[in-house]
Every structure is written in structure tokens, then in C-alpha cells.
Amino acid sequence: MMTWSVRSLEMNPSGMNLIAVGINHHTAPIELRERLAFTDDETRKFLRTVCDGKVLAEALLLSTCNRTELYAVPASDEVSADYLKDFLVEYKGARKFVERKHFFSLWACGAVKHFFEVASGADSMILGEGQILGQVKEAYKLAAEEKATGAVLNRLCHAAFSVAKRVRNETKLTDGAISVSYAAVELARKVFSDLSAKRVLLIGAGETAELAAMHLREKKATHITITNRTQEKAEALAREIGTSNVITFDYFKERLAEFDIVIAAVANVGEVVSAKELQAAMQKRRSEPMLVLDLGVPRNIDPKASSIYNLFLKDIDDLKLIVEKNLQARREELPKVARIVQEELIAFEQWHNALQVAPTIRELQMKFEAVKQAELERLRHKVSPEEFARMEQLADRIIRKILHYPISTLKSPVDTSQTLLSKLNLIRSIFELESPASN
């Protein structure tokens, strides 16, 4: 398998004219990333500014809570990575806060590789999270609508979508719960299989409870009841997930027996439900199984409840163990992801090489065709039409054989852009093609 050196991935002395600069969770803290965050409307305006102003020939801006990254094909040699960093900072009025040192810079294959890793979730703060692919697609949609993309970025984005699809289908990078709320819901689904028929009580309406509620809906749970110390928050969350089942905080304990799953996520309160209250609920249920998931810190459920027959109690430490196990499983998938990225990187580089060598191949073919026509024209009136046709066919066969090696050499894979440039210059020099090889 072809490999690139670190230098060939990070530097671009010639060849692919693609630059990526950005600020993300690897390079800067949240307070600096916020300074360079773009809304959709700001993104559209920025793309119009840089492309209409002839700064960039192509541009795509990806802005999320964890990153603002610009992928660009410069319109001139004067547009460098540092120029683009300064442009972003000035555009957002962040010169007092954000410096060049807070950015990363990548060129050519390095930029392509990074974009593939971003789209696949391999570069996310939460390894393997799926939301980033949708954000990449939205960034591409905005750029395409503003006519800011061209041959290179169009191909780059579709290749990145292919990488993400392969990672999803060929690895387990996105498998397993990686948040406590999601782990709780996944555990409930494993215990009861079909959540659509189970009655769920959600105690709390804060961020953790809200995430749990969203995951429950994703897993087809339809019978969700919410209770919270502040009734208005409970009702607001109920509306958000599309349910009208809300009970007052003072009354929910009397109805515990109705529920197959209880998720407690009340922050900074401590015990909300005692073992005695759960024991009474289980008696009313005639010991029908109940899963109780305690996401509170401090714990909301009396730990003694774990000894109640057919009541299965898991607290946040139990769930964190599940999350860490899943994260470790995802980390173990990274070598597979790297192989996919490498394969798609090679394919992209070969496509770009073909794009670069095409003009030279056309000129080479045109030059030999011109020589053929000139020489045959001298003989046209000296031979019969049948003999002339045979001579023309013979000349075509000879030209194809002569050009086979130089054209194959130009099309063959290279390990660096400098090697490709050397090939182009050599072929153009040998065959005396007029214009020098372009970048």
C-alpha cells in the first residue's frame, strides 16, 4: 500500500493546491473557539466575500461547537495559510483574543486526510459521534448553494461521505453508548428489548434528563411520563418530546408501581426515592420486573433498593463503566478507520493526479497527431486512397505504442506531489511541449 511521509502530508511544495486552516478542540479552548464560530448566515456571507473577492477559487467553511475549519483552493499564490488565518480572525473581529498559534495548518493530502477523519467521526471530541457527518453535509450544501465549490472540493466532499459510510459499515466506531444518558437508555432496551410497550417515568427535567428523554424517543419509547420539582420545566420537556404525561413531584411516588422503567436525574438533591417506597411499589406490581436507573449526583435512589426482588438498580458509576468500555471498543477500531482513510486518500490523490496530467497528455497526443498529419499529407497524392488509409492506420498504431509508456508513467501513482511535478517536467522536456507544467 502506498504511504506518504509526514512531510508530504503536511507540506505542499507543489501539486494539489488545497489548504486547510482551522481552530478546534485540539488547538484551542472553548472560549477561543466561540470567538470564531459562524452561523449559517455568516457562513454564506463569508463564502461570498472570499470567492467574489478573488481570494479563493473554492471554499468550504465548517463551523460547529468544537471547530471552525476552512478548506480552500487559493485563487493566487499570494494566498497562504497564514493569510487565511489572519483573514478569519479579522473577519470575526477576534484579533485581541485569537492568534495564529491557536490554528492548525494542513496542505494537500494532509488537508484531505484531516477532512476524511472529521467526516467519519475519528477526529471528534466524542470519538465516533455521528452528528458531525450531518454538519459536514450541511457545510457542503451551503458552500454549493453559494457556488463556492468546484472540482476539487466537490470531489473532496463526496469522497468524505464515502469514507464516513465505509467507517459506519465496516467498523464499530459508532457502536455503543458513549454518554451516561444514552447508556441508560441502551441498558433499558437490552433489558426489555421493545421499549414501545413499556411505561417510563423520568424524574427530573434538567440536561441529563432531557438527553435521556430524547434517546428514549429515538428508541421508540412512547409511554413516557415526566415529573420534576418545577412543574413548568416538566411541562416544557414534555412538549419537546411530544407527550402530555406530566405528574406533580409531590404525587409521583404514589404511582411508582405503574412504571416498568424509572430514570432519576435530579441534580444536587440526593435521595428522592427510598428503598421502602420502591418495595411498596414492587408489592403493588406483584414483583413484575422494574428497571431503576439512577443518574443523579448525589444518588437519587436509596442503594438498599438493589436487594429488592426483581428490581434492577444501576447508578451512574455502573453506567460510566459501560460508557468507558464502549469508548475503549471504539478506540480499538481506529486502526481499521485509518486503513479506510488511507485507501480513500490514495484514490483521491490518484484522481487529482489524473486531473493534473490530463493537459500534458492531451498536448502530447495533439503534437503526435500533428506530426502524423503533416507527414501523411506529403504522401497523400503519391499513393492510392486505399494505401493511404492503410498508412494512416499504421501510423496510429505506432503512435499509440510510442505514447503508451509516457502516458502510463504520467497516470501511475506517485508518493509525493514533487514526484508528479518531476514526471510532468521530464515528459514535457523530452517531447518539447510548449508551456511549462502547471501546479
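The values are calculated or read from the model by the stated rules, or taken from the named source; none is laboratory data. Quick caveat, the model's predicted, so the values are computed rather than measured. Counting neighbours? That spans all protein chains shown, and the Cβs are built from the backbone with ideal geometry, glycine included. What goes into the accessible areas is simple: the full protein's heavy atoms, side chains included, and nothing from ligands, DNA or RNA. Shrake-Rupley method; radii C 1.70, N 1.55, O 1.52, S 1.80 Å.
So what is log10(I(q)/I(0)) for region 265-418 at q = 0.12, 0.15, 0.20 1/Å, when the Debye sum runs over its Cα atoms only? At q = 0.12, 0.15, 0.20 Å⁻¹ the computed log10 ratios are -0.78, -0.91, -1.16. Nearest 10 degrees is fine. How inclined is helix 180-192 to the longest principal axis of the chain, computing both from alpha carbons? Between helix and principal axis, roughly 70 degrees. For region 117-179, the alpha carbon positions stretch 38, 22, 14 Å along the principal axes, listed from largest to smallest. How far is helix 417-430 tilted, in degrees, relative to the longest principal axis of the Cα atoms in the chain, given as a value from 0 to 90 rounded to the nearest 10? The two axes meet at around 10 degrees. Only Cα pairs under 8 Å and 6+ residues apart enter the sum, and on that basis the relative contact order of the chain stands at 15 percent.
Taken per residue, the accessible surface of region 40-141 reaches 44 Å², heavy atoms only and a 1.4 Å probe. Just checking the listed ones, Arg378, Arg229, Arg285: in the Gaussian network model of the chain with Cα springs under 10 Å, the one fluctuating most is Arg378.
For the chain, the longest principal axis of the alpha carbon atoms and the long axis of helix 231-241 meet at an angle near 40°. Other residues within the sphere of radius under 9 Å centred on the Cβ of Asn24, judged by their own Cβ, net out at 0 (K and R +1, D and E -1). Exposure check, 1.4 Å probe, all protein chains in place: Ser162 carries approximately 40 Å² of accessible surface. Placing unit charges on the Cβ atoms of the charged side chains and taking the dipole of the chain about its Cα centre, the candidate lying farthest along the positive direction among Leu173, Ile402, Ser384 is Ser384. In this entry, region 4-160 is assigned a mean projected area of 8.6 nm², taken as a quarter of its C-alpha convex hull surface.
Take the Cα of Thr49, step 7 Å toward its Cβ, do the same at Ile398, and the gap between the two points is 6.2 nm. Considering only GluC sites (Glu not before Pro) in DSSP loops that have at most 10 other Cβ atoms within 10 Å, the longest stretch of the chain without any of them is 79-431. Eigenvalues of the alpha-carbon gyration tensor of the chain, scaled by 5 and square-rooted, set the equivalent ellipsoid semi-axes at 63, 25, 18 angstrom, largest first.
What stretch of the chain, leaving out the sites themselves, is the longest with no chymotrypsin sites (Phe, Trp or Tyr not before Pro) in a DSSP loop having at most 13 other Cβ atoms within 10 Å?
On the way: sites that count: Tyr251, Tyr309.
In short, 1-250.
Counting only Cβ charges, +1 for Lys and Arg and -1 for Asp and Glu, the dipole size of the chain around its Cα centre is about 700 debye.
A simple spin-label model places the labels of Tyr83 and Leu355 1.9 nm from each other, with each point 7 Å out along Cα-to-Cβ.
In this simple spin-label approximation, Arg286 and Cys65 carry label points 7 Å from Cα along the Cα→Cβ vector, and these lie 4.6 nm apart.
Give the calculated FRET efficiency between Ala370 and Ala37 to the nearest 0.05, with a Förster radius of 51 Å applied to their Cβ-Cβ distance. The pair Ala370/Ala37 has a calculated efficiency of 0.35. Taking Lys147, Lys96, Lys325 as the candidate residues, the one with maximal mean-square fluctuation in a Gaussian network model of the chain, Cα springs under 10 Å, is Lys96.
If you take the alpha carbon radius of gyration of region 195-300 and divide it by 2.2 N^0.38 Å, what ratio comes out, to two decimals? Write out the running numbers ahead of the final one.
On the way: Rg = 12.7 Å, N = 106, 2.2 N^0.38 = 12.9 Å.
Dividing the Cα Rg of region 195-300 by 2.2 N^0.38 Å gives 0.98.
Among the trypsin sites (Lys or Arg not before Pro) in region 163-222, which ones are in a DSSP loop with at most 12 other Cβ atoms within 10 Å of the Cβ? Mind listing them?
On the way: sites: Lys165, Arg166, Arg168, Lys172, Arg189, Lys190, Lys198, Arg199, Arg217, Lys219, Lys220; in loops: Lys172, Lys198, Lys219, Lys220.
Those that pass, being in a loop and sparsely packed, are Lys220.
Its Cα gyration tensor gives region 134-233 an equivalent ellipsoid. The semi-axes, each the square root of 5 times an eigenvalue, are 38, 19, 10 Å from largest down. Between the alpha-carbon centres of region 321-349 and region 352-428 there is a gap of 44 Å.
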